[in-house]
Amino acid sequence: MSSVFFTYLQLGFHHIFNLQAYDHMVFVLAMCAMYSGSEWRRILALVTSFTIGHSITLALSTLNLIKFNTALIELLIPITILLTCLYNFTQLGKVKKKGGAVWSLNNAFAVFFGLIHGMGFSNYLKSLLGQGQNIVLELLAFNVGIELGQLLIVLIVLILNFLLTRALPIQKRDWALGISSAAGAIALMLILNQDFSAIF
């Protein structure tokens with residue numbers, strides 16, 4: 001059982017911490033672009049909210065309890081990135097309120113967008129699942145792996161944020177603007193490259 005858990009944990013980790021799955025990676029970057037290391041509680045709440053969302057639809061889809069148009073989900077994923085970046089632009093220069101790390105509108109959106117990304121994760125997981133009785137364990141391990149991958153991405157971004165804003169004359173606002181702009185450009189490119197005939 002432990003070897004099965006570890007195998008699927010690795011698969012989940014490498015699925016998100018992987019340049020071939022960069023759409024999910026870019027979303028995590030955009031989601032955390034506005035925060036610095038001192039706001040780690042907010043970041044943890046945000047990432048956990050996203051995990052809750054994608055865990056729900058990943059499980060429902062993998063267990064064949066929900067069906068969806070794969071092409072539509074592939075379109076919606078970059079749209080979630082673009083919307084997150086547009087929201088970031090509206091927050092530039094605003095003073096963040098203290099508290100509210102858990103119960104905030106940002107976390108609600110993270111859960112909702114996580115539901116969409118979970119359906120995207122499920123396409124990959126379905127192709128890997130065996131036919132044995134370990135599907136619940138495999139689902140759990142895959143989700144844990146994704147969460148660890150997300151946290152590592154966030155940690156790397158926060159370290160880069162710290163180093164660049166301390167070592168170079170880069171303001172936190174400029175960092176957030178740069179990350180959000182790059183992520184938004186990637187999202188727009190992904191949207192324009194979709195096969196819309198498969199959706200409608």
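Suppose we filter the range 116-143 for residues that are out of contact with any His (no Cβ under 9 Å at 6 or more places or on another chain), of a type in the set (A, V, I, L, M) and at pLDDT 80 or above; how many remain? Number satisfying all stated conditions: 6.
The test for being of a type outside the set (D, E) and over 30 Å from N69 (Cβ atoms) does not hold for L188. Against the test of being within 16 Å of V144 (Cα to Cα), part of a helix (DSSP H, G or I) and open to solvent by 30 Å² or more (accessible area, probe 1.4 Å), the options L82, L11 yield a single qualifying residue, L11. Which pairs turn up if I take residues in the range 1-27 that are within 18 Å of L129 (Cβ to Cβ) and look for partners that are among the polar types (S, T, N, Q) and open to solvent by less than 30 Å² (accessible area, probe 1.4 Å) with beta carbon separation below 8 Å, at least 6 apart in sequence or on another chain? Note: pairs meeting the criteria are G12/N143; I16/Q150. If the condition is being of a type in the set (G, A, S) and closer than 21 Å to F112 by Cα, then the range 10-43 contributes G12, A21, A30, A33. Only one entry in F162, F113 is modelled with pLDDT of 85 or more, open to solvent by less than 50 Å² (accessible area, probe 1.4 Å) and aromatic (F, W, Y), namely F113. Scanning the range 110-138 for residues that are more than 12 Å from the chain's Cα centre (by Cα) and either of a type outside the set (A, V, I, L, M, F, W, C) or within 19 Å of F17 (Cβ to Cβ) (or both) yields a count of 13. When the range 34-45 is filtered for residues that are assigned to a helix (DSSP H, G or I) and either among the polar types (S, T, N, Q) or within 10 Å of the chain's Cα centre (by Cα) (or both), only S38 remains.
Looking only at the range 29-55, how many residues end up being under 18 Å from S122 (Cβ atoms) and open to solvent by less than 50 Å² (accessible area, probe 1.4 Å)?
Residues flagged as under 18 Å from S122 (Cβ atoms) and open to solvent by less than 50 Å² (accessible area, probe 1.4 Å) within the range 29-55 amount to 5.
The values are calculated or read from the model by the stated rules, or taken from the named source; none is laboratory data. Every value quoted in this text rests on a predicted model; they were computed, and no experiment measured them. Glycine also receives a Cβ, built like all others from the backbone with ideal geometry; neighbour counts cover every protein chain displayed. Surface areas here come from the heavy atoms of the whole protein model, side chains and all, with no ligands, DNA or RNA. Shrake-Rupley method; radii C 1.70, N 1.55, O 1.52, S 1.80 Å.
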